[in-house]
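Below: one structure, written as structure tokens.
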Amino acid sequence: MSNRRLTTLLQPSATNPNNPPKDGDETATPFKKQTLDLGNGSEIIYFPRCLPVDDSWELFDYLDTQIPWTRPTVRVFGRSCLQPRETCYIASSGLPQLSYSGYKPQPYSWDDYPPLKNILEAVHKALPGSKFNSLLLNKYKGGNDNVGWHADDEKLYGPTPEIASVSFGCEREFLLKKRPSKPYSKVHRKSEDEEPAKKRMKKSDQHSFMLKHGSLLVMRGYTQRDWLHSVPKRAKIEATRINLTFRLVL
Ligand SMILES: O=C(O)CCC(=O)C(=O)O
Ligand SMILES: [Fe+2]
């Protein structure tokens, strides 16, 4: 992977002066940055094409073949199981240890994987003021591989982490749903026998993004406190997807 090629990352592409895109016209500007206000200080930003397509395929091949992927055993609801995707963890030296689902990934060094530094630089350019120091990589080898509903709310990221997620390869659906608030019953119920009212989820409490090859999705504010996210199984998919989530360990 040459650095020269990656210096072109995030240069704005020229528009045709005879046919300028109209504001709000999704077909004319399909790659425009989108912002989704989730309310109460949570926000998603989506850049459908953060990295140029050709660079993204070169990066996909690099990541697929050069990263030391592992499929660890994790604990879910008190049971040990193989994590349904491959993973790898990169972190700057001296940071506190990451631990999730009873698994403590040994961090690899940024210096051993220079293209990751190029992607990090592109993400920093897209998000002025950001400064990530760790990276969790996930490889989904076909539609059975997935990540279940969770929030990246580990203490070492602080109360309002910004998480930048870059996707390569096969498009997969990324879902968000609002965390259930304290049950009404817990607050108001007079007796334990009273049935809690089942609430139907509102449309505005769930969202879906089809994460494109070379895209960047950012979760900010209170998204990890108030929302859950997942990449569900998709029976018919055979192709591989690779996802990189950049995080700041405080
Ligand atoms: O693959 C994705 O898009 C999401 C990955 C994720 O949520 C995580 O690594 O915490
Ligand atoms: Fe996550």
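The values are calculated or read from the model by the stated rules, or taken from the named source; none is laboratory data. Keep in mind that this is a model prediction, so the values were computed, not measured. Glycine gets a Cβ as well: all are built from the backbone with ideal geometry, and neighbour counts include every protein chain shown. Ligands, DNA and RNA are excluded from the accessible area calculation, which covers all protein heavy atoms including side chains. Shrake-Rupley method; radii C 1.70, N 1.55, O 1.52, S 1.80 Å.
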Margin query: Out of the total accessible area of segment 118-181 (probe 1.4 Å, heavy atoms of protein only), what percent is carbon and sulfur?
Written below: 50
Checklist line | Ranked order, Arg247, Arg225 - accessible area, probe 1.4 Å, largest first | finding: Arg225, Arg247
Note to self: Taking the solvent-accessible surface of protein heavy atoms with a 1.4 Å probe, what is the per residue accessible area of segment 35-139 in Å²?
What the structure shows: 50
Next item on the list: Using the structure shown, select from Lys104/Lys139; Lys131/Lys182; Lys178/Lys233; Lys182/Lys202 the pairs with a Cα to Cα distance greater than 26 angstrom.
Entry: Lys131/Lys182
Checklist line | Net charge of neighbours whose Cβ lies under 14 Å from the Cβ of Pro72, counting Lys and Arg as +1 and Asp and Glu as -1 | finding: +3
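Of the peptides 240-246, 43-49, 102-108, 71-77, how do they stack up when ordered by the mean number of other Cβ atoms within 10 Å, highest first?
Top to bottom by mean Cβ count within 10 Å: 240-246, 43-49, 102-108, 71-77.
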Notebook entry, point to check: Which of rounded, prolate, oblate describes segment 81-128, given a ≥ b ≥ c as roots of the alpha-carbon gyration tensor eigenvalues and a/c under 1.5 marking rounded, otherwise prolate only if a/b is larger than b/c?
Noted result: prolate
Check: What is the antiparallel percent of DSSP beta bridges lying wholly in segment 35-136, to the nearest 5?
Finding: 95
